[in-house]
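Enquirer: This is the structure I have questions about; it appears just below.
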Amino acid sequence: MSCRRGALIVLEGVDKAGKTTQCKKLVQALKESGRQAEMMRFPDRTTKIGQLISAYLEKKSNLEDHTVHLLFSANRWELVPLMKQKLEQGISLVVDRYAFSGVAFTSAKPGFSLDWCMNPDVGLPKPDLVLFLQLHPTEAAQRGEFGTERYEVGDFQKIVMQKFELLMKDPSLNWQVIDAAKSIEDLHAEIKTHSETAITVAENQPIGELWK
Ligand code: Z5A
């Protein structure tokens, strides 16, 4: 590796936990401190695969459950070459949802094991830091009604949360659970501190492979 690589920082969390808000603030803060950083989000609805997923989430189309799971994974894999290129150029990537959402949402459906759901994402670039924004459902409800997209249903979201808790037990990943009930600024300060540490640690390490 000729230059210090960037870090892969993932934000996960329940609906309305503030993932998008915090991803944007983190990228801006990292840039202001002289670091190279860019935001990505999954699903990336701009690709052909992403458009299929978007139509499904907006309930404009129906897709069989295994099929849509594999499409979410394919949407990540299609961006892996670009992600690796940027990381190797020293750009840190701040990613709004990743494979953990993929596994948590599909395994919350009847008949899906965690293992089956993880398999398609095995070998993706491994995050150097996974920030989980934890928010109690009553706090989330104060941030507005659920939207109209598929999965934006309270009972389903509770099962999703249980699946995230199982994933967070994996000691091979750098999970940091953050109390998302805090103010936007307090949350940002905490996230920035964790991210700066992860960037420093990642600099001299090769990019890892997820769940391998
Ligand atoms: N999905 C899947 O099934 N499989 C996969 O592999 C992947 C995803 C990757 C994509 O939704 C859906 O796809 C998602 C999972 C599934 N389904 N659900 N549910 P998306 O990514 O397009 O949208 P989202 O992730 O659902 O967004 P979100 O969770 O609703 O929001 P958020 O990003 O966590 O929060 P926000 O937009 O930053 O903030 C929400 C509101 O709260 C907003 O008004 C803010 O101003 C406010 N806010 C934010 N922070 C605070 C604080 N700290 N205090 C008070 N108010 C705040």
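The values are calculated or read from the model by the stated rules, or taken from the named source; none is laboratory data. Note that the coordinates shown come from a computational prediction; the quantities given were computed from them, not determined experimentally. Neighbour counts are summed over all protein chains in view; Cβ atoms, including those assigned to glycine, are modelled from backbone coordinates with ideal geometry.
Enquirer: Within the stretch 48-60, is even one residue in a loop (DSSP other than H, G, I, E, B), of a type in the set (Val, Ile, Thr) and buried (at least 17 other Cβ atoms within 10 Å of the Cβ)?
Expert: No, the stretch 48-60 has no match at all.
Enquirer: Lys16 is checked against (1) within 11 Å of the ligand (Cβ to nearest atom); (2) at pLDDT below 95; (3) farther than 29 Å from Ile159 by Cβ and fails just one. What number does that condition carry?
Expert: Going through the list (1) within 11 Å of the ligand (Cβ to nearest atom); (2) at pLDDT below 95; (3) farther than 29 Å from Ile159 by Cβ, Lys16 breaks only (3).
Enquirer: Moving to a separate point now. Are there helices (runs of 4 or more DSSP H) fully within the stretch 71-183 with at least 3 residues that are touching a residue at least 60 places away in the same chain (Cβ under 8 Å)? List them.
Expert: It comes to 80-88, 99-107, 154-167.
Enquirer: To continue, here is another question. In the stretch 143-179, what residues are in contact with a Pro (Cβ under 9 Å, 6 or more places away or on another chain) and among the aliphatic types (A, V, I, L, M)?
Expert: Scanning the stretch 143-179 gives Met161, Leu173.
Conditions (1) out of contact with any strand residue (DSSP E or B) (no Cβ under 7 Å at 6 or more places or on another chain); (2) among the charged types (D, E, K, R); (3) at pLDDT 95 or above, marked per residue:
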site	(1), (2), (3)
Gly111	yes, no, yes
Asn119	yes, no, yes
Val122	yes, no, yes
Glu139	yes, yes, no
Gly144	yes, no, no
Ala181	yes, no, yes
His194	no, no, yes
Ala198	no, no, yes
Gly208	yes, no, yes
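Enquirer: Might you let me know whether the stretch 102-110 holds any residue that is within 8 Å of the ligand (Cβ to nearest atom), closer than 23 Å to Ile184 by Cα and out of contact with any Asp or Glu (no Cβ under 6 Å at 6 or more places or on another chain)?
Expert: no
Enquirer: Return the pairs, sorted by first residue and then second, in which the second residue is among the basic types (Lys, Arg) and at pLDDT 95 or above, the first residue lies in the stretch 25-46 and is under 25 Å from Thr200 (Cβ atoms), the beta carbons are less than 8 Å apart, and the residues are 6+ apart or on different chains.
Expert: Leu26/Lys192; Ala29/Lys192; Leu30/Lys192; Ala37/Lys31; Glu38/Lys86; Met39/Lys24; Arg41/Arg97
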